[in-house]
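The values are calculated or read from the model by the stated rules, or taken from the named source; none is laboratory data. Computed from a predicted structure; not experimentally measured. Methodologically, a virtual Cβ is constructed for each residue, glycine included, from the backbone with ideal geometry; neighbour enumeration extends over all protein chains shown.
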Amino acid sequence: MGVKICCIGAGYVGGPTMAVIALKCPDIIVHVVDISKPRIDAWNSDELPIYEPGLDEVVKACRGKNLFFSTDVERLVAESDIVFVSVNTPTKTSGLGAGKAADLTYWESAARMIADVSTSDKIVVEKSTVPVKTAEAIEKILTHNKKGINFEILSNPEFLAEGTAMEDLNQPDRVLIGGRETPGGQKAVAALKAVYAHWVPEENILTTNLWSAELSKLAANAFLAQRISSINAMSALCEATGADVSEVAYAVGKDSRIGPKFLNASVGFGGSCFQKDILNLVYICECNGLPEVANYWKQVVQINDYQKDRFVRRVVSSMFNTVSGKKVAVLGFAFKKDTGDTRETPAIDVCHGLLQDKALLNIYDPQVTEDQIKRDLSLNKFDWDHPHHLQPTNPTTLLNQVSVVKDAYEATKGAHGVCVITEWDEFKKLDYQKIYDGMQKPAFIFDGRNVLNGSELRKIGFIVYSIGKPLDP
Ligand code: NAD
């Protein structure tokens, strides 16, 4: 048998990454552990805790053979050679750096636990996204407790995107491994490289120093989000001038130096990573005495807030400056298609904005439960102190104005307007004539993802608003 792997954190990253390692490396035993019993129970059941295309098949093929899910965290960590740490690293909501800095309490407690329970040498792998220099802090925690045990820290950030996680893990653009430039550090890098070498071509496994690997993850997310904010900023100018953002994106993306990906204008980006990682980058820049650089990246988040706010304003202003008492269908609540994840989804801000204007919302998402939607909407969101950020409404009022329904037809029945917030494929295939017939007139559609055929909808009779496109082309 090969090395024994244990991953702390059975979430959107820990679960799929370890399932793929187990699939590709039948000689390696992989344990995924978590303090959350419901999560582990779900991983061991037919209803996995996360929805990700292709994940079910892989988990079912490996579970019980060389892939195991357990809450027996300490014992399994103690027995392993390589410990991945894939716990959550959300934004701090109070204290020093609140609203920007990463909250590393989960990481710190995992590191302290590793130090306490270990009785043999270990490679500890940062899988979570962490601020640059975190490995230094982790090393301190581990070495101060080490009882003669050798710990090597590696940074191996994860670049998967939810919705395409299995493809991304099967054929990664690159695997990045950062380690100390000492003999021990390089030996650890080689050991982790050997795991990935089971299926990733050697030229796609990059090795760097620890800080480059840590920073590359934050940089990659900042660049991706920056492209979205750039095209979204252009979409506002398109609307003001009669240019069409899809045509502009196509023309811009044809430049081989720029490329066509990640240039879709939308209601804004969401997800648990982009905003959190950029804010963290901003904080790190500020802590390193680089306020100009911090301000540069801050704009990416501010444009995103502006875009969500702009969308809400457009909905309200188009519908004769009020949505009070009007039914509005919200199609899609997940932050993107092919996931049930709603963390930082733009749907939350859009719904809050419409609810503040007293709209009655009928929400439908194929993968998000009613409980989840209501929980998200009743949570008091942290005030990021952004000029365009929308404030949540009172939870009780909010729940009286929200219905979560079972399909798009039910959501749109009797509605004055429809907002498409998630680009689920099924929304492209709906019978829009039927939807139009069931709606109040004039019937509005606000396509927050530019996935619908605006001219077809106009022929039916809808008033259509797409992001960054002329209102009446
Ligand atoms: P998640 O919240 O889905 O999962 C984290 C899990 O860690 C939770 O189940 C939690 O119970 C568990 N946990 C926390 N502390 C623990 C402890 N001390 N012991 C055992 N378990 C513990 O988070 P996620 O989306 O999987 O993200 C994990 C990390 O990966 C974050 O740093 C994130 O930024 C990064 N990341 C996420 C994505 C993504 O698309 N979600 C992509 C790349 C990187």
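Brief remarks on what is shown
- Taking segment 170-229 as the range and being in a loop (DSSP other than H, G, I, E, B) and of a type in the set (D, E) as the test, the residues that pass are D173, E181.
- Within segment 204-215, residues that are more than 12 Å from E181 (Cβ to Cβ) and touching a residue at least 12 places away in the same chain (Cβ under 8 Å) sit with their Cβ atoms under 8 Å from residues that are among the aromatic types (F, W, Y) and crowded, with 17+ Cβ neighbours inside 10 Å, at 6+ positions apart or across chains, in these pairs: I205/Y196.
- Hits in segment 308-337 - residues which are among the polar types (S, T, N, Q) and either farther than 26 Å from L430 by Cα or free of Cβ contacts under 8 Å to residues at least 12 places away in the same chain (or both): S317, N321, T322, S324
- Verdict on V301 being more than 16 Å from the ligand (Cβ to nearest atom) and either without any contact (Cβ under 8 Å) to a residue 40 or more places away in the chain or outside the structural domain of G11 (by TED's automatic domain parsing) (or both): no
- Residue list for segment 422-473, filter: hydroxyl-bearing (S, T, Y) and farther than 23 Å from Q307 by Cα: Y432, Y436, S455
- Condition check for L281 on (1) within 16 Å of the ligand (Cβ to nearest atom); (2) touching a Leu at 6+ places or on another chain (Cβ under 7 Å); (3) under 30 Å from D447 (Cβ atoms): one failure, at (3).
- Which numbered condition D116 fails, given (1) farther than 29 Å from A225 by Cβ; (2) more than 13 Å from the ligand (Cβ to nearest atom); (3) surrounded by fewer than 15 Cβ atoms within 10 Å (Cβ to Cβ); (4) not small (G, A, S): (2)
Residues are listed down the side, and each one gets a yes or a no for (1) crowded, with 20+ Cβ neighbours inside 10 Å; (2) farther than 23 Å from D338 by Cα:
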site: V33; (1), (2): yes, yes
site: W43; (1), (2): yes, no
site: D56; (1), (2): no, no
site: S94; (1), (2): no, yes
site: G97; (1), (2): no, yes
site: S120; (1), (2): no, yes
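- Taking the criterion of being outside any helix (DSSP H, G or I) and aliphatic (A, V, I, L, M), the residues of segment 116-166 that qualify are I123, V124, V125, V130, V132, I149, I153, L154, L160, A161.
Each row is one residue, and each column tells you yes or no for (1) closer than 30 Å to S120 by Cβ; (2) crowded, with 19+ Cβ neighbours inside 10 Å; (3) hydroxyl-bearing (S, T, Y).
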residue: K147; (1), (2), (3): yes, no, no
residue: P157; (1), (2), (3): yes, yes, no
residue: M166; (1), (2), (3): no, yes, no
residue: P172; (1), (2), (3): yes, yes, no
residue: I177; (1), (2), (3): yes, yes, no
residue: G184; (1), (2), (3): yes, no, no
residue: V189; (1), (2), (3): yes, yes, no
residue: T207; (1), (2), (3): yes, no, yes
residue: L237; (1), (2), (3): no, no, no
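- Count of residues meeting criterion [in a strand (DSSP E or B) and over 15 Å from F320 (Cβ atoms)] in segment 425-446: 1
- Flag if G178 is in contact with a strand residue (DSSP E or B) (Cβ under 6 Å, 6 or more places away or on another chain), more than 25 Å from A334 (Cα to Cα) and small (G, A, S): yes
- Take the conditions (1) away from the ligand (no atom under 16 Å from the Cβ); (2) closer than 22 Å to E136 by Cβ; A236 misses just one of them, which is (2).
- Options F274, F262; residue that is within 16 Å of the ligand (Cβ to nearest atom) and either surrounded by fewer than 19 Cβ atoms within 10 Å (Cβ to Cβ) or without any contact (Cβ under 8 Å) to a residue 40 or more places away in the chain (or both): F262
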